[in-house]
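Student: Structure in structure tokens, see below.
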Amino acid sequence: MITVYSEQQALHCNVQEVLSGELIPSFEVAERTDIILRHINARNLGPVIAPHSFTPDTAARVHTSEYVEFLSTAWQQWLTTYPDSKQAMPYCFPVRGNRAICPKHIEGKLGFYSSDLTAALVEGSWQAIWSAAECALTGQQLIQQGERSVFSLCRPPGHHATQDQMGGYCYLNNVAMAAQAYLDNGCQRVAILDVDYHHGNGTQSIFYDRSDVFFTSVHADPAWDYPHFLGYADEAGEGEGQGFNLNLPLALGSHWSDYQPVLQNAINAISNYQPDVLLVSLGLDSYEQDPISFFKLQSDDYTTMGKIIAELKLPTHFVFEGGYAVDALGRNTVNVLEGFKKFGA
């Protein structure tokens, strides 16, 4: 299995977030991909290649052009106002009762284009964000050139990014960009399976009114965990997308015995949809020792997860998302990919 990775992704570093009322170092760190690469090489998963180059207008197929322009210029705008600053973060948002209008001041723009306090920007953020997108788009090209499976090792992750907002460590929605690229290049139907502990609210919102992308997610009940405001079981799509969104929330504390049958429900729904290609938002924060998550999956469970996904016998594009138990992250990630390789096409 080819892995697509860019060293430029490490430029998004030394970021802080607000969690439980405290300003702390972000759990989304460059070491996450470093340890995965070590396990990929140690276990001979396959070659690791650099991504191809793409122009940022590609992102405007799923994001607004104004948002993409903001991301690519925000750091320089911030430095113009705060030349000695090390991080750009919003402090106010267009909440209920306020106008959804983009201000001219960079602090107002940050609030307009952010959904929370977990997606700050630093000097190297845009280079890393765009490199992650290129990893996802290169994976799409490889699949459509005949590869049966590819792993896009994207960082920062993407599935919480909406058409015009960053949040949950996510800036551009890597898996959504890849899904749209498949459709733009001949696929008729694309399925996205999100196995991250947190619901992929950004991916859902981008495709919620469409029937050419089927989105299904197994995740923590949003009544009790992030992202809180999307991810409920009654969200089934709207308009042409009615029936093409399947959320399968689970209680906090769920073990593999709870998770596996629900995952199988998602697999069955994907099979019924009969897509041309499967994208997997591969988050590993369902692990029992993840510091910000509350499922109880164990390392061996991820091998079984890979096997179950392989049963679909589809061209499959894995796109990396969350997972913050860094010491076990490489093992758990490669377990999914090896499980898929062993039992897949």
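FYI, it's all coordinate maths here, none of it is from the lab. Keep in mind that this is a model prediction, so the values were computed, not measured. Note that each Cβ is placed from the backbone with ideal geometry, even for glycine, and that neighbours are counted across all protein chains shown.
Student: Name the residue, out of G330, G306, G239, G231, that is of a type in the set (G, A, S), touching a residue at least 60 places away in the same chain (Cβ under 8 Å) and touching an Asp or Glu at 6+ places or on another chain (Cβ under 9 Å).
Tutor: Answer to the selection: G330.
Student: Follow-up. Using the structure shown, decide if H105 is over 16 Å from E7 (Cα atoms) and surrounded by fewer than 23 Cβ atoms within 10 Å (Cβ to Cβ).
Tutor: In short, yes.
Student: Something else about it: In the stretch 96-143, how many are touching a strand residue (DSSP E or B) at 6+ places or on another chain (Cβ under 7 Å), within 16 Å of P157 (Cα to Cα) and of a type in the set (V, I, T)?
Tutor: Number satisfying all stated conditions: 2.
Student: Something else now. Can you tell me which residues in the stretch 128-173 are touching a His at 6+ places or on another chain (Cβ under 8 Å), among the polar types (S, T, N, Q) and not in a loop (DSSP other than H, G, I, E, B)?
Tutor: Of everything in the stretch 128-173, those that are touching a His at 6+ places or on another chain (Cβ under 8 Å), among the polar types (S, T, N, Q) and not in a loop (DSSP other than H, G, I, E, B) turn out to be T138, Q140, Q141, S149, S152.
Student: Can you pull out every residue in the stretch 223-254 that is assigned to a loop (DSSP other than H, G, I, E, B) and either under 19 Å from V175 (Cβ atoms) or of a type in the set (D, E) (or both)?
Tutor: D225, Y226, P227, L230, G231, D234, E235, G237, E238, F244
Student: Conditions first: (1) touching a Cys at 6+ places or on another chain (Cβ under 7 Å); (2) assigned to a helix (DSSP H, G or I). P51 passes all but one, so which condition is the exception?
Tutor: Exception for P51: condition (2).
Student: Also, quick follow-up: Which condition from (1) part of a loop (DSSP other than H, G, I, E, B); (2) buried (at least 23 other Cβ atoms within 10 Å of the Cβ) is the one that R210 breaks?
Tutor: Among (1) part of a loop (DSSP other than H, G, I, E, B); (2) buried (at least 23 other Cβ atoms within 10 Å of the Cβ), the lone unmet condition for R210 is (2).
Student: Could you tell me which numbered condition R155 fails, if it satisfies all but one of (1) free of Cβ contacts under 8 Å to residues at least 60 places away in the same chain; (2) within 22 Å of E31 (Cα to Cα); (3) touching an Asp or Glu at 6+ places or on another chain (Cβ under 9 Å); (4) not polar (S, T, N, Q)?
Tutor: (1)
Student: Looking only at the stretch 199-226, which residues are touching a residue at least 40 places away in the same chain (Cβ under 8 Å) and among the charged types (D, E, K, R)?
Tutor: Answer for the stretch 199-226, where residues must be touching a residue at least 40 places away in the same chain (Cβ under 8 Å) and among the charged types (D, E, K, R): just D225.
Student: So, one more: Could you tell me whether any residue of the stretch 309-317 is in a loop (DSSP other than H, G, I, E, B), touching a strand residue (DSSP E or B) at 6+ places or on another chain (Cβ under 7 Å) and farther than 29 Å from P47 by Cα?
Tutor: Within the stretch 309-317, not a single residue is in a loop (DSSP other than H, G, I, E, B), touching a strand residue (DSSP E or B) at 6+ places or on another chain (Cβ under 7 Å) and farther than 29 Å from P47 by Cα.
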